[in-house]
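K.L.:
Pasting a structure here, questions to come.
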Amino acid sequence: MSVPSIVIEAAIPSKSAISAAAQQSEVDTFDHPSFVWHIDIFLLAFVGVFFIISLPRAFIRFSHRREWWDGHFLRYVDIEQIIRMRPKSVPRLRLPSMAFVSPNSTTWLDSEKQPDLQRNGSSSSQAQLMRNNTTASDRRRRAMTDLPSHMANWTTRLPVLSSLTRIPVRPGLTVGGASILIAYFTLMAYAGLYKSNLLTDPLRTGYLAVSQIPVVVILATKNNVLGMLLGAAYTRLNYLHRFAGRLLILAVNIHAIDYFYKWSLDGVLAESLKKPVPLTGLVGLIAADCLLVFSFEFIRRRFFHTFIVLHVISVIAFFAAVYAHADDALPYLLCGVAAYMFDRLFRLLKTRYTTARLRALPELGMTRVEINGVNAGWRAGQHVRLRVLEGGLGPIGWLEAHPFTVASVAKSPSEEGLILMCKKTGTWTNKLFDLAKRREYSEVGGVGRDVRVLVEGPYGGPGHTVYTSFSGALVVAGGSGITFALGMVQDLLQRDREGKSRLKCIELVWSVQDPTAILPLLGLFNQLLRQSTSKRYYTSLQVTICYTRCFANPPPHVLKVLQTELPLGLRVTPGRPKLQSTLNSVVDRACQLFHGGKEDQGAPAGVLVTVCGPQGLAEDVRKAVRGVEPQRRRRAGGVELHDEVFGG
């Protein structure tokens, strides 16, 4: 009896069926753990490229002995002992104190040492400043050998590429940052799709998500190995942490949805979720999605402390669920835990328990916090986290730690401690201001109120950049960013007095809304300017204050400021700062001594531009840096930008 042909054809598998079966067999036998492990190795190699690029600057930075001690741990040193150990040829001169006093007080200016005052400055004042700093001080500087070495950043060597990478894509993200995100996303997409089908192969995305746990945790910590290797502050890596976290959560959701889809088609969804492994996976999925939802910007900014608590709880739940869900995820979980414990240990070592004195500054809407138990260990531009152990901040106010930029110079000859300027921007800072105002004059020994504090840091700062290795500096501040600028300018002047700075000119530009904001700082500006004109100093300083709130009929308190006799080198002008012309002027002044034939050897070491303020001001500064003519840029040895942006 003959067999029907249709039966024979059905018994013989088709070529397409054989191909599909072969592909499925290849997917089933693919070594997913090894593949994602090699993806992580490639990520390490990618980071290694940036490390190699930053290595020369790191070598130059740590060739100076003070860089091994400053910028890592806060401490207290005996200023008198340091002064006694200095060579007798270096005269002792007290730097200006950050004690803000009223300009109406007889103590804010020293009439015997005060130079001639003039209103708003002039070209003749700039010429006088240059003459005061190009005579005997030039001969003194040329004899010094302890000047910091300068190493230009790769962005300075490639100005066109640097300009392109600094073009903003959105607030807080530039083309350079976006390029790194695109490269990371491309790598993750390749890792998820190579020899894998997202709809039929849920294992790959699960392994991929687990493999990125150490990356996300390392980028989240304040003391992380990646930042140490690259010389980058944790604040500059935070956007990478957020992006990597979102990709991890996306992979977790794809991994779960694939299984939900397969179980639904088979009609066993409810039964499958009752089993231990799928159930722990569901718990991990919920924890991951909670991390995402509570990390949205509008929630993070409005309910930050709630966000922190829920973030910690969700991370713990996610780690526990992943450990119970997949045994081979343990090495990645241990790496994440190790990175977190390393950070917590360093944060503990960086924390100091001491006493601080609070003082309210109503003119600035700030609280001045002076921590006398700490007077060294930070670099200009770094910040600390402050925790005030007082009941006046609410029932849980003592649990909150807030970051503030250090507004004073380390090892100051004026013997003042670490100073913070805390602007009223939220509930906690408003309560701190009210606490400083209460019983302000009842304390024995002066104005202010003593409180117990925990201060942690320092963090952030310039990384491998050595500010004093440049020939000129433009320091731009907006609003409360003046704390960053003042700390930096004071540090630069102190390094100059010690003969450890190459800087020849510093221009400080402060943009404020109301001109009355300068009154509490007028005495400090005067002292800084007066000292920069001394023959003991080599660097010239000029200060420009721009107020953006213009008045058709200025009220009396504004007229009082505008009619005040200002010290030599200080200008107060209406409108937004003219950053392009100011930067060009700084570049020309930095080159003047070299190209004027007054230096025996060497060439300009570049111009440093720093900005601390809102996003709009930072973008104006970036445009000014991009707008420097190539010939002027080459003549100065390059222009380098360092920005600290509010809300970045």
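K.L.:
Which of the residue pairs LYS411/LYS437; LYS222/LYS578; LYS411/LYS431; LYS411/LYS500; LYS500/LYS623 have a Cα-Cα distance greater than 24 Å in the structure shown? Mind dumping the intermediate values first?
P.N.:
Working: LYS411/LYS437 29 Å; LYS222/LYS578 36 Å; LYS411/LYS431 30 Å; LYS411/LYS500 15 Å; LYS500/LYS623 31 Å.
With Cα atoms farther than 24 Å apart: LYS411/LYS437; LYS222/LYS578; LYS411/LYS431; LYS500/LYS623.
K.L.:
Be a star and scan the range 272-294 for residues whose amide nitrogen sits under 15 Å from the point 7 Å along the Cα-to-Cβ vector of SER264.
P.N.:
Under cut-off, by backbone N: 272-273.
K.L.:
Report the paramagnetic label zone for ARG576: residues of the range 605-632 whose backbone N is under 14 Å from a point 7 Å from Cα along the Cα-to-Cβ axis.
P.N.:
In the range 605-632, the label zone of ARG576 (backbone N under 14 Å from the point 7 Å along Cα→Cβ) covers 614-625.
K.L.:
Turning to a different aspect of this structure: Based on other C-beta atoms within 10 Å, arrange ARG61, ARG549 from fewest to most.
P.N.:
Numbers: ARG61 22, ARG549 11.
Lowest count first: ARG549, ARG61.
K.L.:
If you average the sequence gap of Cα pairs under 8 Å that are 6 or more apart and divide by the length of the range 354-505, what percent do you get for the contact order? Let's see the in-between values first.
P.N.:
Working: 293 pairs, mean separation 46.2, N = 152.
Relative CO of the range 354-505 lands at 30 percent.
K.L.:
Further question on the same structure: How do the peptides 605-613, 322-330 rank, highest first, by the average count of neighbouring beta carbon atoms within 10 Å per residue? Don't skip to the answer; put the middle values down first.
P.N.:
Values: 605-613: 26.4, 322-330: 16.1.
Sorting 605-613, 322-330 by mean packing, highest first, produces 605-613, 322-330.
K.L.:
What ranking do 518-527, 163-172 get when scored by the average of other Cβ atoms within 10 Å per residue, highest first? The partial results should precede the final answer.
P.N.:
Details: 518-527: 21.1, 163-172: 14.8.
So the order, starting with the most tightly packed, is 518-527, 163-172.
K.L.:
Where does each of 183-193, 619-629 land if you order them by average Cβ count within 10 Å, highest first? Don't jump to the answer; show the numbers that get you there.
P.N.:
Working: 183-193: 15.5, 619-629: 18.5.
My ranking of the peptides, most packed first, is 619-629, 183-193.
K.L.:
Another question, if that's okay. Long-range amide H contacts for ILE545: which residues qualify at under 5 Å (H placed 1.01 Å from N, peptide plane, sequence gap of 5 or more or a different chain)?
P.N.:
Placed amide hydrogens put TRP510, ARG571, VAL572, THR573 under 5 Å from ILE545.
K.L.:
Work out, step by step, the length gained on full extension between LEU44 and ILE396: first 0.36 nm times the residue separation, then minus their alpha carbon distance; give nm to one decimal.
P.N.:
On the way: separation 352, 0.36 × 352 = 126.72 nm, distance 4.11 nm.
Gain on stretching LEU44 to ILE396: 122.6 nm.
Any read-out appearing in this document is the output of simple, stated calculations on the displayed coordinates, not a laboratory observation. This one's a predicted model, so the numbers in the text were calculated from it and none came from an experiment. Cβ sites come from the backbone with ideal geometry, for glycine too, and all protein chains shown count toward neighbours.
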